[in-house]
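S.K.: My structure is below; once you've seen it, I'll send some questions.
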Amino acid sequence: FIGAEQRQQALLSLEKTTLQMAHERHIREDQEKLMTMLAHEIKNPLATMHLRLDNEAKGSSAMRKAMRDMDAVIERCMQTLRIGERRLEPRLQVADLVAITKDAVLSCLNPAQVSLHAPESLAIETDPQLLYLVLSNLLENACKYSAPATPVDLHLSLLERPMAKTVAQLTLSNLPGSAGWPDKTKLFDKYYRAPQALRTSGTGLGLYLVKNLMQALGGQVVYQPDATLVKFVITLPTPGQR
């Protein structure tokens, strides 16, 4: 039997836990409101600056890159917040993986560095906006951390497996640069950055977002390096294969 004193202690402990959970919930809600407000206050001026920037002005290319980087950091923070709050709700539809990939390549740090090998089209079932974020983050890492003047290879194909669902497969590979090889046990952790990569600007959220967004999309991302290449492989469901 539980004595009166033990019951009282248990009730006090329960009350303390309940209050602490409520306090943490309020903190998260305040953080979300602040992040949403900051994102709104920063994104709108960035969009205006982007539209009004003279392409012929000196330094316009560097300014556009800086604005794009700022916008990407804001978007990563917002998506990370949604993942933490379990509020990420993909809007699935049939889309063309090749078209989404081409858009991501054109928007990456160095499009000329990317060598794309793909069919004319490849139908998948996904949320195009979230998948674009996945590909943008992977391409940014590849362009940023690959060996200088070496290609980033991107291969798209349909993978038909006997007695299993047909999936679309995307393989991205590059030669490692001065940052070296990522730690395969930590590279998808939030805020993880390789020690040698700390000289380069970054949030440490890119691959964390990639993994969680892929889970939300019903796909998978795995790190599969070989003897010479850093390599990531993505698989995505095709229409009617969920």
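The values are calculated or read from the model by the stated rules, or taken from the named source; none is laboratory data. These figures come from a predicted structure and were not determined experimentally. With ideal geometry, Cβ positions are generated from the backbone for all residues, glycine too; neighbour counts draw on all protein chains shown. Just the protein is used for accessible areas: all its heavy atoms, side chains included, with ligands, DNA and RNA removed. Shrake-Rupley method; radii C 1.70, N 1.55, O 1.52, S 1.80 Å.
S.K.: Would you say Leu158 is open to solvent by 50 Å² or more (accessible area, probe 1.4 Å) and at pLDDT below 85?
M.R.: Numbers: open to solvent by 50 Å² or more (accessible area, probe 1.4 Å): yes; at pLDDT below 85: no.
Considered against the rule, which asks whether it is open to solvent by 50 Å² or more (accessible area, probe 1.4 Å) and at pLDDT below 85, Leu158 comes out as no.
S.K.: Evaluate the range 163-175: report whether one residue or more is of a type outside the set (Lys, Arg), at pLDDT 90 or above, open to solvent by 50 Å² or more (accessible area, probe 1.4 Å) and closer than 17 Å to Cys143 by Cβ.
M.R.: From the range 163-175, those of a type outside the set (Lys, Arg) are 163-164, 166-175; that's our starting set.
Imposing the further condition that a residue be at pLDDT 90 or above reduces the set to 167-175.
Next, only the ones that are open to solvent by 50 Å² or more (accessible area, probe 1.4 Å) stay: 175.
When the remaining residues are screened for being closer than 17 Å to Cys143 by Cβ, the result is 175.
For the range 163-175, residues of a type outside the set (Lys, Arg), at pLDDT 90 or above, open to solvent by 50 Å² or more (accessible area, probe 1.4 Å) and closer than 17 Å to Cys143 by Cβ: present.
S.K.: Considering the range 134-181 alone, what residues qualify as being among the β-branched types (Val, Ile, Thr) and under 21 Å from Ala104 (Cβ atoms)?
M.R.: Val134, Thr150, Val152, Val167, Thr171
S.K.: Name the pairs: first residue in the range 213-228 and in a loop (DSSP other than H, G, I, E, B), second residue aromatic (Phe, Trp, Tyr), Cβ to Cβ under 7 Å, at least 6 apart or on different chains?
M.R.: Partner pairs satisfying both residue conditions: Pro225/Trp181.
S.K.: Separate question: Scan the range 137-155 residue by residue and report those that are at pLDDT 90 or above and hydroxyl-bearing (Ser, Thr, Tyr).
M.R.: Across the range 137-155, the qualifying residues are Ser146, Thr150.
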